[in-house]
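The values are calculated or read from the model by the stated rules, or taken from the named source; none is laboratory data. As the structure is a computational prediction, the values presented were derived from the model and not from experiment. Here the Cβ positions follow ideal geometry from the backbone for every residue, glycine too, while neighbour counts run over all protein chains shown.
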Amino acid sequence: MKPPTLLLIILFSLLTASASGQNKFSLATDVSLLHNFNKLQRFNVVGQTLHINWHLDEKNTFYTWFTYHSNGKYNSNLTADAKSISTQPQTLSFSNHSEMRLRQLSLGIKRYLLGSFNKLDKFNLYGSAGFGLIIGTASNSFSTAVDTSLYMVQNNVVNGSGDFKRLSFDLSAGWEIPIAYEIFFFTEARLHIPTTNYPNNFLLKNDNAPFLGGINLGLRILFNNEH
């Protein structure tokens, strides 16, 4: 999987701007374990995040990151009810195998609560808040062919695949420690709260979905143009 062209354009533009001035910025990457808390669509997946951090001062940082994950898989048991009393049988029960692929983009502010972005002798603690865009693809595979002209499937779920988008409010808390000159190891916990719930027939649940949380481990490299 590759980051989208838009992210590369943003990265190039902002790095060029940073290089032309006396700004300090960091690049980071991590591996992550992401969990979807929705009861009907629960799964765990691994992924990777690419970060850019612009350090406004020692305590405050503007960040952007893009993360992508492997496909989350989950199974469900569904029913389909006949639309007419003349249709037999009146109810069909079947299993559904689903997959969800997620990509996320987030922009926000990181605040160092203990230490600072360039503190090299002790660990640092920070929190962040921002807004994001969840870009998803969901697919369903019914174990039984269902004639939707005769039956209404539970939750209006359809067989097949389709895309969806959600705006999100992103929160995180992290801890980092220097391991070499201007290289930091960090661990971070994230929570992604959906703020939109546009109906999508490929999702078993649309309200507050997907509701995501993750643990990330990675490296941050500080670039200081004043040196």
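Of the residues S161, S143, S168, which is modelled with pLDDT of 95 or more, within 15 Å of the chain's Cα centre (by Cα) and among the hydroxyl-bearing types (S, T, Y)? Quick ask: steps written out before the conclusion?
Details: S161 fails: within 15 Å of the chain's Cα centre (by Cα); S143 fails: within 15 Å of the chain's Cα centre (by Cα).
Exactly one of S161, S143, S168 is modelled with pLDDT of 95 or more, within 15 Å of the chain's Cα centre (by Cα) and among the hydroxyl-bearing types (S, T, Y), namely S168.
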Candidate set from region 4-34 (those that are crowded, with 16+ Cβ neighbours inside 10 Å and either modelled with pLDDT of 55 or more or within 13 Å of the chain's Cα centre (by Cα) (or both)); member that is farthest from N77 (Cα to Cα)
N23
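Restricting to region 54-98, and then to whatever is outside any loop (DSSP other than H, G, I, E, B) and among the aliphatic types (A, V, I, L, M), can you tell me which residue is farthest from the chain's Cα centre (by Cα)? Working first, answer last.
Going residue by residue through region 54-98, those that are outside any loop (DSSP other than H, G, I, E, B) are 54-55, 60-69, 72-82, 91-98.
Narrowing further to those that are among the aliphatic types (A, V, I, L, M): 78, 80, 82, 92.
Details: L78: 27, A80: 32, A82: 38, L92: 35 Å.
Here the residue is A82.
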Go through region 202-225 residue by residue and tally those that are closer than 18 Å to L102 by Cβ, assigned to a loop (DSSP other than H, G, I, E, B) and touching a residue at least 40 places away in the same chain (Cβ under 8 Å).
8
Pairs under 7 Å by beta carbon, first residue without any contact (Cβ under 8 Å) to a residue 40 or more places away in the chain in region 27-48, partner of a type in the set (A, V, I, L, M) and surrounded by fewer than 19 Cβ atoms within 10 Å (Cβ to Cβ), six or more apart or different chains?
N44/L33; V46/V31; V46/L33; Q48/V31
Residues in region 121-136: is at least one closer than 30 Å to P178 by Cα and in contact with a His (Cβ under 9 Å, 6 or more places away or on another chain)?
yes
Here the residues within region 76-112 that are without any contact (Cβ under 8 Å) to a residue 40 or more places away in the chain, exposed (fewer than 12 other Cβ atoms within 10 Å of the Cβ) and either closer than 30 Å to L27 by Cα or hydroxyl-bearing (S, T, Y) (or both) are S86, T91
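Conditions (1) surrounded by 15 or more Cβ atoms within 10 Å (Cβ to Cβ); (2) part of a loop (DSSP other than H, G, I, E, B), marked per residue:
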| site | (1), (2) |
| --- | --- |
| S116 | yes, yes |
| A129 | no, no |
| I134 | yes, no |
| T137 | yes, no |
| N140 | yes, no |
| M152 | no, no |
| S172 | yes, no |
| E176 | yes, no |
K73 - would you say it is modelled with pLDDT of 95 or more, charged (D, E, K, R), closer than 22 Å to L204 by Cα and loosely packed, with under 15 Cβ neighbours inside 10 Å?
yes
